[in-house]
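Note sheet for the following structure.
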Amino acid sequence: MVPRKIKCNALAILLLLLGAEYAVSAPGDIVKEFSLVGHSFVADRTRNIVYMSVTGNNSVAILDMNTLELSGSIFVGSSPRGMAVSRDGKTLYVAIAGASSLAVVDLTTRTLQSPIPLPSSAQDVEIDYTGRIYAAPASSNFSSVMVYNPATGAVTAPFGAASECYSAMLEMSPDGRTLFVANQGLSPGTLAKYDVSEAAPTLVWRNGHGDLGSNGQDLWLTQNGKHIYYAVGGGNEIVSGYDIAQIDANGMGILGTLIIGAYPREIVTSPDGKTAYAVHTGGHIDVWNAETFLKTKEYAGTDEASELFVDKTGNYLLAAFPTSLRIYEAEGSAPFIDNDGDGVDDSVDNCPAVYNPDQKDTDKDGIGNACDQVDVLPIYKLLLLKGRRK
């Protein structure tokens, strides 16, 4: 497949030779703007579509990133916040801060279904490999992550410590077995890692008191699940006062830092994790090489972006500003390779040749159930017996 930008450049050269005028956008250019005030973003699992919660009209906007057009809008309820798409890509769950429930949207028909009741209002949501739904509380009166089990239709016992669950942000690993939880707006900034592969979540790691700074702002896990970033207003203070650490999502060690400047607010990366986009003040969005930890450029903008997101191709950066949504031409990314079309990149897919969006791996051998149907031991024994008979 020819990369989109190469196609554009070839077309530009052809049109110039024919005497036609043609403007080619470059990274940092605003290619589209909508008068929508977005709160959160999430990508469709199989298509290059981005969903954006819009608190101003209590809806979710549907953005087709192939055409850069708004293809629909769905009313979901009062103050929609964070969102998650089901493992099979058929359902969108929306945290509703204005009610004690999750909105449920059928993505096939784009219709609102019956809500899921919760003990408290929610501001963020994630889904594990079994389909269990994790909701972070929006109310300061509730400081535990809520877990809804679709198999039973009930909310199980909440879990987590108040240090990270008070006004929490969530990220789920690509295989749906690890949940990252971080607090927002608190001192000290607390980040925790939970194993959610069993019935009861188990704490794997939590940072030491104050060693990642204070005033949590944003949490981001790279699409390949390798790195996690926790932006806090006071900076992680690893190298300088205002930096964002790149953390190894497996061992949770610090790999390097982006020295952002006062005050770190937002952080996202390209699909391949090689480029980072960050906000720390108004007027521009910083672009970083996430491998060398060096700032490469700035994208100009007015005011301060409150949320960032990158589409599946890495060619577009979405930025939510106080009065509008702006889409920038971005730096690009290595291709998202998904040969079985299940929405999971082949680099992390536990069964890359068979459609298995749930990534189920019952025996935890690293091979998904869809590719683990044959027990090799009896075959091995049969071959061994044949060898002995010769």
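No value in this document is a laboratory result; all are computed from the given coordinates. Small disclaimer: the values here were computed from a predicted structure and weren't measured. Quick reminder, even Gly has a Cβ in these numbers, built from the backbone with ideal geometry, and neighbours come from all protein chains shown.
General remarks:
- As a ratio to 2.2 N^0.38 Å, the alpha-carbon radius of gyration for region 38-145 is 1.00.
- Residue (of Ala84, Cys165, Leu308) at the positive-pole extreme of region 27-329, dipole from beta-carbon charges: Ala84
- Charge tally in the Cβ shell below 13 Å around Asp248, where Lys, Arg are +1 and Asp, Glu are -1, Asp248 excluded: +2
- Per-residue Cβ neighbour rank within 10 angstrom, fewest leading, Val204, Val94: Val204, Val94
- Placing +1 on each Lys and Arg Cβ and -1 on each Asp and Glu Cβ, with no other charges, gives the chain a dipole about its Cα centre of roughly 900 debye.
- Computed on the Cα atoms alone, the convex hull of region 27-329 gives a volume of 113 cubic angstrom per residue.
- Both radii are taken from the alpha-carbon atoms of region 151-230; with Rh as the Kirkwood radius, Rg/Rh is 0.98.
- Segment Glu298-Trp205, length gained on full extension (0.36 nm per residue, minus Cα span): 30.0 nm
- Listed from fewest to most Cβ neighbours within 10 Å, the set Asp338, Asp243 follows the order Asp338, Asp243.
- Arranged from fewest to most other beta-carbon atoms within 10 Å of their beta carbon, Trp288, Trp205 become Trp205, Trp288.
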